Amino acid sequence: MTEVSSNISRAVDLLNQDKLVAIPTETVYGLAGNIYSEKAIKGIFEMKQRPLFNPLIVHIYDIRQVRELTTDFPEKAQKLAQKFWPGSLTLILPKNEKVPNLITANKNSVGIRMPDHSVTLELLAQLEFPLAAPSANPFSRISPTTAQHVKDYFNDKLELVLDGGPCKNGIESTIVGFENEEPVIYRLGSISQEEIEEVIGKVNINNQEKNAPIAPGMVEKHYAPRTKTVLVENVSDYLQANRHLKIGILLHQKIDDEQLAHTVKYLTSTSDIKEAASLLYASLHELDALNLDIIVAQKFPDSGIGKSLNDRLTRATK
């Protein structure tokens with residue numbers, strides 16, 4: 001039986017034994033292991049059924065650790081780290097020889113992030129190694145934002161879920177790398193493109209790669225419920241045309257005809273995009289458990305965090 005506990009010392013003990021622990025962050029829960037333990041890292045890929053071509057993100061608690069893992073820390077990357085760390089930003093930087101190729105899918109770069117969660121920062125400070133920690137879910141499934149989500153996925157396979165409460169941001173970190181010294185967003189996330197550009201200027205987006213992703217979250221199908229899911233502009237029209245189906249709808253704005261749906265979930269009652277983000281995965285988990293014919297999600301305005309939410313829902317529909 002998987003233990004759910006806030007006991008950081010227990011997590012330290014397990015991680016020092018090259019075992020895996022699910023950890024809370026402000027984005028989603030991660031499945032964590034010692035980056036220098038081949039046993040632990042292989043265990044992450046095996047437990048998640050994650051393909052080895054998909055690299056992992058390294059989690060640190062102090063910006064000085066970046067120098068221990070990389071050969072270069074560009075000025076624009078430093079500005080982003082100073083602005084957003086601890087927080088929902090992952091930087092893709094040139095790795096040094098200390099970083100195992102298994103973590104980086106044999107690429108010469110590594111993703112690094114400092115999570116904004118007091119429990120995990122305290123945990124990291126008590127360890128002599130950083131942690132690799134992809135989302136604590138089977139590959140391509142809905143990311144977990146509560147300890148219970150993780151336990152539901154991995155009960156009896158994982159010894160400990162370190163409970164840090166619900167994740168406040170609710171979607172993954174924004175991933176930024178550099179190509180010919182120019183910044184590129186590889187994954188849209190909790191920090192918007194606009195917020196990144198306020199710090200370092202124009203940023204391009206390159207977030208589509210099926211076979212050899214530079215960063216996590218780039219594969220076509222991801223974040224997906226078992227239930228068929230569609231993303232639409234006009235939910236009312238879809239309900240009218242599909243009255244015969246048992247439909248769950250995911251809304252951020254009021255619609256007509258919502259009574260035609262079997263289940264209605266509002267991500268926000270005030271059009272608060274950050275509230276919607278924090279509840280997105282939890283709401284998908286709830287709808288996915290209802291034996292529906294289909295989940296219909298209302299498209300968000302395609303700007304700010306709305307662009308990140310549309311990205312998640314688009315990948316969930318593949």
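Using 20 Å bins from zero, what percent of all Cα-Cα pairs in the chain falls into each bin?
Histogram of Cα-Cα distances, whole percents per bin: 34, 57, 9.
Taking 2.2 N^0.38 Å as the expected size of a compact globular protein, what ratio does the Cα radius of gyration of segment 262-306 give against it, to two decimals? Write out the running numbers ahead of the final one.
Working: Rg = 11.2 Å, N = 45, 2.2 N^0.38 = 9.3 Å.
Working it through for segment 262-306, the quotient is 1.20.
Expressed in whole Å with the largest first, what are the equivalent ellipsoid semi-axes of segment 31-104 derived from the C-alpha gyration tensor as the square root of 5 times each eigenvalue? Walk me through the numbers on the way to the answer.
Values: eigenvalues 114, 35, 24 Å².
Over the Cα atoms of segment 31-104, the semi-axes work out to 24, 13, 11 Å.
Would you mind working out the accessible area per residue for the chain, using a 1.4 Å probe, and quoting it in Å²?
Counting only protein heavy atoms, the per-residue value for the chain is 42 Å².
What residues have an amide H closer than 5 Å to that of Leu160, excluding those fewer than 5 places away on the same chain, when H is modeled at 1.01 Å from N in the peptide plane?
Under 5 Å from the amide H of Leu160 lie the amide H atoms of Glu3, Ala22, each far enough along the sequence or on another chain.
Over the Cα atoms of segment 5-66, how large are the radius of gyration and the largest Cα-Cα distance (Dmax), in Å?
Radius of gyration, then largest Cα-Cα span, for segment 5-66: 12.1, 33 Å.
Quick check: at a probe of 1.4 Å, how many percent of the accessible area of the chain sits on carbon and sulfur atoms?
Values: 5890 of 13380 Å².
With neighbouring chains kept in place, the figure for the chain is 44 percent.
Using the alpha-carbon atoms, what tilt in degrees (0 to 90, nearest 10) does helix 38-48 show relative to the longest principal axis of the chain?
0 degrees
Using only alpha carbon pairs under 8 Å that are at least six residues apart, calculate the relative contact order of segment 96-238 and give it in whole percent.
17 percent
Determine one quarter of the surface area of the Cα convex hull of segment 102-196, which equals its mean projected area, and express it in nm² to one decimal.
7.9 nm²
Mind jotting down a quarter of the surface of the convex hull over the alpha carbons of segment 142-236, in square nanometres, one decimal?
9.5 nm²
Determine one quarter of the surface area of the Cα convex hull of segment 50-142, which equals its mean projected area, and express it in nm² to one decimal.
6.3 nm²
Per the helix-only calculation at 222 nm, which mean residue ellipticity applies to the chain, given -39500 (n - 2.57) for every DSSP H run of n ≥ 4 and division by its residues, nearest 500 deg cm²/dmol?
Numbers: 11 runs with 97 residues, N = 318.
Per the formula, -8500 deg cm²/dmol.
Could you tell me which trypsin sites (Lys or Arg not before Pro) in segment 151-219 are loop residues by DSSP with no more than 15 other beta carbons within 10 angstrom of their beta carbon?
Here the trypsin sites (Lys or Arg not before Pro) that fit, given the DSSP loop and packing criteria, are Lys157, Lys202, Lys210.
Treating the angle as unsigned and between 0 and 90°, give the value, to the nearest 10°, between the Cα long axis of helix 305-316 and the longest Cα principal axis of the chain.
80 degrees
GNM on the chain, C-alpha springs below 10 Å: top fluctuator among Gly306, Gly30, Gly201?
Per the Cα network of the chain with a 10 Å cutoff, Gly201 tops the list.
How about Lys265: which lysines have a C-alpha closer than 19 Å to its C-alpha, ignoring those fewer than 8 places off in the same chain?
Excluding near neighbours in sequence, the set is Lys168, Lys228, Lys246, Lys254, Lys274, Lys299.
Quick check on segment 182-318: what are the equivalent-ellipsoid semi-axes from the Cα gyration tensor, as sqrt(5λ), descending, whole Å?
In descending order, the three semi-axes are 29, 17, 12 Å.
Counting pairs of alpha carbon atoms under 8 Å apart in space and at least six apart in sequence, what relative contact order in percent does segment 57-134 give?
Taking the mean separation of contacting Cα pairs over the length of segment 57-134, I get 45 percent.
So how tilted is helix 75-84 from the main axis of the chain? Cα-based, degrees 0 to 90, rounded to 10.
60 degrees
The values are calculated or read from the model by the stated rules, or taken from the named source; none is laboratory data. No experiment lies behind these values; they were computed from the predicted model shown. For neighbour counting, all protein chains shown are included, and Cβ atoms are generated from backbone atoms with ideal geometry for every residue, glycine included. To get the accessible areas, we keep the full protein, side chains included, count just its heavy atoms, and leave off ligands, DNA and RNA. Shrake-Rupley method; radii C 1.70, N 1.55, O 1.52, S 1.80 Å.
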